[in-house]
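The numbers here are math on the coordinates, done by the rules we state, and not lab data. Not measured: the values here are computed from a predicted model. Cβ coordinates were reconstructed from backbone atoms using ideal geometry, including for glycine residues, and neighbour counts include every protein chain displayed.
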Amino acid sequence: MKYDVTVIGSGPGGYVAAIRCAQLGLTTAIIEKYNTLGGTCLNVGCIPSKALLDSSEHYHNAKEKFTEHGIDLTNLKVNMPQMIQRKNAVVEQTTKGIDFLMKKNKITVFHGHGSFIDANTINVAKADGSNETIETNKVIIATGSKPIAPAAFNYDKNRVITSTEALNIEDVPKSMVIIGGGVIGLELGSVYARLGSEIHVVEYMDRILPTMDKDCSKELTRAMKKLGVKFHVKHMVTTVKANKKSVTVEVQKRDSEDTFKLNTDYCLVAIGRRAYTDKLGLDKVGIPTDEKGRVEVDAHLQTNVPGIYAIGDVIKGAMLAHKAEEEGVFVAETIAGQKPHIDYNLIPGVVYTWPEVAAVGKTEEQLKEAGVAYKSGKFPFKALGRARASMDTQGMVKVLADANTDEILGVHMVGPRTADMIAEAVALMEFRASAEDASRMSHAHPTYTEAFKEAALAATEDRALHI
Ligand code: FAD
Ligand code: NAD
């Protein structure tokens, strides 16, 4: 048979695109080279990292906060194999859920490496050495990304690792050097710092999370230093040498010749990810990639070949699961003749440390650079009753609004459950609300969300109520 649509890659971009295509009545196939569906996100990304973040946070709270809550524990210890086993069980349940969704939506799943023969024919090379050919009208490339591991860092998957291996360490390391103070470095650094590892983060830029609002970097730096994490910003790693049991990392100050060495159990390389198009046969159909190896697409996420689209980490933009999902839906609806829309400015970014960091819209740095006149309102969690009750007083909410119209232009949060709280800001910004609109909405008391209302009040008229 000839499929209407074939999706290559089953991450959050690919499987969501396939479901939406099927919902729209298109006969759909999906190809995944691994045995399990779900891509990076479900197998070695979002879901397993959050499982370990939650487990390690429970341990950290039990160790550091329970006594103050009036709960005494004895013989508290980490059972790392059990922690990993639970994480694996969560991954298994979640990936099996995608199998169910494929069946429910009558999507045909092919396991094997997909590659173009021509624009309407895809070869699937299977693990047993056999090949199968799929005929299709349209193709959606959703092949995702892989960690960047420069040869100079001698990535050996044993002592010099990426996030994939860092999710499966079965003994709590005594120490870990993390190259890169971005999202992965800070999330996985938090996991191991909470479990008792000595963590060093080496970041090339002047601050961690260099693309997020400066206040968020400052707040999170403070919080993670309390956790014991050591930061080396404006530093770079020059060499990484590993033996079977340890690693020596040479670090150089960015703007001088000064160097020092760190001897450590593991070196985690977390300096970004690259688009993955290996052996995809893009050359067979004449689809170009850009300077970063990403598939080039137009405003409809269509490549230069009519009928071949690309979504998610393999194209430009933030490497986020929910961005990939939005693009999956967008392409499916485009193929079905609809006119969907994505506002990339309103895709939130979240870092699942504790406190969590969450943001949407423009940063203060971006507004300054664009010469936009803006007002800023801030509210600290330490002034919030709910935060004091839960002993989660670190962080703040900042609302940036247009100085003339009061329209909310950006919201930046560091604090408890801000990953969930940011949805309110996204919704308001989708409807182009003003800071005053946000400040006049009733927020349940006592909740963390009151910090957003207070920051909106501070942005509108500098009249927060509780500070
Ligand atoms: P992927 O999820 O990478 O999926 C691509 C799939 O295509 C893979 O399964 C791959 O095997 C398959 N494939 C590739 N080539 C072929 C081929 N030729 N034939 C067949 N199959 C092929 N994002 C968030 O939004 N929130 C988070 O909390 C978060 N946490 C993360 C934590 C970690 C440790 C990592 C590494 C990433 C995290 N991300 C998070 C990022 C998120 O995982 C990615 O943005 C998302 O998975 C991208 O989805 P995708 O569908 O584009 O690609
Ligand atoms: P990143 O881009 O978030 O951070 C990489 C960091 O490494 C940057 O701060 C960069 O300045 C620094 N860096 C780069 N080269 C360096 C060098 N040679 N020496 C020192 N520092 C260097 O990348 P990541 O943390 O690897 O994550 C990859 C992708 O996965 C990101 O795009 C992210 O969006 C996604 N992800 C998202 C989440 C989430 O949404 N919570 C979680 C994990 C990963």
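What's the exposure ranking of LYS104, LYS218, going from fewest to most Cβ atoms within 10 Å?
Arranged by neighbour count, lowest to highest, LYS104, LYS218 become LYS104, LYS218.
Which translational diffusion coefficient, to the nearest whole µm²/s, is obtained for the range 346-461 from the Stokes-Einstein equation, given a Kirkwood hydrodynamic radius over C-alpha pairs, 25 °C and 0.890 mPa s?
Stokes-Einstein gives a translational diffusion coefficient of 179 µm²/s.
Considering only C-alpha atoms, what is the centroid distance from the range 168-237 to the range 73-133, in Å?
30
Where in the chain are the DSSP H helices whose C-alpha atoms run 27 Å or more along the long axis and whose mean Kyte hydropathy is at least -0.5?
Details: long enough: 80-104 (36 Å, -0.52).
None pass (Cα extent of 27 Å or more, hydropathy at least -0.5).
With n ≥ 4 as the cut-off for DSSP H runs, can you work out [θ] at 222 nm for the chain, using -39500 (n - 2.57) per run divided by the number of residues, rounded to the nearest 500?
Values: 15 runs with 157 residues, N = 467.
Helices in the chain give a 222 nm mean residue ellipticity of -10000 deg cm²/dmol.
Label ASN404 and ALA318 with points 7 Å out from Cα along Cα→Cβ: what is the distance between them in nm?
Once both label points are built, they end up 2.7 nm from each other.
Going by how many other Cβ atoms sit within 10 Å of their own, how do ARG294, ARG254 line up, fewest first?
On the way: ARG294 20, ARG254 15.
By the 10 Å Cβ count, ascending: ARG254, ARG294.
Could you work out the local net charge near CYS267, counting Lys and Arg as +1, Asp and Glu as -1, over the other residues with Cβ closer than 15 Å to its Cβ?
Values: positive: LYS157, ARG159, LYS174, LYS230, LYS241, LYS244, LYS245, LYS261; negative: ASP156, GLU165, GLU198, GLU203, GLU250, ASP265.
Net local charge, CYS267 excluded: +2.
What list do you get for LYS2, LYS398 if you sort them by fewest beta carbons within 10 Å? Before the final figure, lay out each step's value.
On the way: LYS2 11, LYS398 24.
Ranked by crowding around the Cβ, least crowded first: LYS2, LYS398.
Between ALA423 and VAL78, how many nm apart are label points set 7 Å from Cα along the C-beta direction?
Modelled inter-label distance: 3.1 nm.
Would you calculate the separation in nanometres between label points at HIS111 and ARG86, each defined as 7 Å from the Cα along the Cα-to-beta-carbon direction?
Here the modelled spin labels are 2.9 nm apart.
R0 = 41 Å: FRET efficiency of GLU461 with ASP54, Cβ-based, nearest 0.05?
0.60
Suppose R0 equals 45 Å. What FRET efficiency, 1/(1 + (r/R0)^6) with r the Cβ-Cβ distance, do ARG432 and MET205 give to the nearest 0.05?
Details: r = 32 Å, r/R0 = 0.72.
For ARG432 and MET205, the calculated efficiency is 0.90.
May I ask you to give the average projected area over all directions of the convex hull of the Cα atoms of the range 151-271, in nm² rounded to one decimal?
In nm², the orientation-averaged hull projection of the range 151-271 is 7.0.
From the phi of every residue in the range 300-317, what ³J(HN,Hα) in whole Hz does the Karplus formula 6.51 cos²θ - 1.76 cosθ + 1.60 yield, where θ is phi - 60° and glycine or proline is x?
9, 6, 9, 6, 5, 9, x, x, 10, 10, 9, 9, x, 5, 7, 10, 5, x
Can you tell me the FRET efficiency between LEU227 and ASP128 if r is taken as the Cβ-Cβ distance and R0 is 56 Å, rounded to the nearest 0.05?
0.75
Taking a virtual spin label 7 Å from the Cα of ASP99 along the C-beta vector, which residues in the range 106-142 bring their backbone nitrogen under 17 Å of it?
Correct set: 106-112, 127.
Find the eigenvalues of the gyration tensor of the Cα atoms of the chain, then list the square roots of 5 times those eigenvalues as equivalent ellipsoid semi-axes, largest first, in whole angstrom.
37, 30, 22
What's the local net charge at GLU32, with K and R +1, D and E -1, over the other residues with C-beta under 12 Å away?
+1
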